[in-house]
Amino acid sequence: MEKSLEKCLDDVYHSTGVSGVLCADSQGLCLGVRGKASSSSSGVISSLANKAAMLEPGNSQPVILLESDNSQCLIHRNNGVTLAIYKSPETS
């Protein structure tokens, strides 16, 4: 599984417009990180995905978009794994 996760992270990171990617388990443990994403944020990202799922009980897998003037972060949880994709306007 580790090699397939590493390949997936590499594939996402090398996608057009992506400046970073982070993968965390359901407990917030960082499973992998690429680019400008920081492993120290894995717990917060996992927690955000868990809290967002509580907002809509019928939708346990919402997509979260955090946006600032200079970047975006998309967060999605599926099967206990949370993925965060960072995008920058200059590369979007």
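The values are calculated or read from the model by the stated rules, or taken from the named source; none is laboratory data. Please read all numbers here as calculations on a predicted model, not as lab measurements. So basically every Cβ, Gly included, is an ideal-geometry build from the backbone, and we count neighbours across all protein chains shown. Remember, those area values only see protein heavy atoms, side chains included, never the ligands or the DNA or RNA. Shrake-Rupley method; radii C 1.70, N 1.55, O 1.52, S 1.80 Å.
Accessible area per residue for the chain in Å², computed with a 1.4 Å probe and the full protein assembly in place, what is it? Could the numbers behind the result be given before it?
Values: 5620 Å² over 92 residues.
Here the residues of the chain average 61 Å² of exposed surface.
Only DSSP H runs of four or more residues enter the estimate; each adds -39500 (n - 2.57), and after division by the residues of the chain the mean residue ellipticity at 222 nm equals -9000 deg cm²/dmol.
In straight-distance terms, cross-link reach from Lys51 covers every one of the lysines whose alpha-carbon lies under 26 Å from its own, apart from those fewer than eight places away in the same chain; here that gives Lys36, Lys87.
Label sites at Ser60 and Thr16, each approximated as a point 7 angstrom past Cα along Cα to Cβ, lie 3.6 nm apart.
Shown here: semi-axes √(5λ) of the Cα gyration tensor in Å, derived from the displayed model; of the candidates (i) 33, 13, 11; (ii) 28, 21, 8; (iii) 20, 17, 11, it corresponds to (iii). Summarise the accessible area of segment 1-69 (1.4 Å probe, protein heavy atoms) by the percent that is carbon and sulfur. Summing carbon and sulfur atoms, their accessible area is 55 percent of the total for segment 1-69. Accessible surface for Cys8 stands near 70 Å², nearest 10, in the context of the full protein assembly shown (1.4 Å probe).
May I ask you to rank Ser40, Ser88, Ser15 by accessible area, largest first, using a 1.4 Å probe over the protein chains only?
Working: Ser40 100, Ser88 10, Ser15 55 Å².
Of Ser40, Ser88, Ser15, the descending order of accessible area is Ser40, Ser15, Ser88.
Maximal additional length on extending the Glu67-Ser40 stretch stands at 7.8 nm, based on 0.36 nm per residue less the C-alpha distance. In the context of the full protein assembly, Leu83 retains an accessible surface of approximately 50 Å², using a probe radius of 1.4 Å and ignoring ligands and nucleic acids. The string of couplings for segment 54-66 from the Karplus curve (6.51, -1.76, 1.60, θ = phi - 60°) is 6, 5, 10, x, x, 10, 7, 10, x, 9, 9, 10, 9 Hz, one whole number per residue in order, with x for Gly and Pro.
Can you work out ³J(HN,Hα) from phi for every residue in segment 16-30, in order, using Karplus 6.51 cos²θ - 1.76 cosθ + 1.60 and θ = phi - 60°, giving whole Hz and x for Gly and Pro? Here the 3J(HN,Hα) series is 4, x, 8, 10, x, 8, 9, 10, 9, 7, 5, 8, x, 6, 5 Hz.
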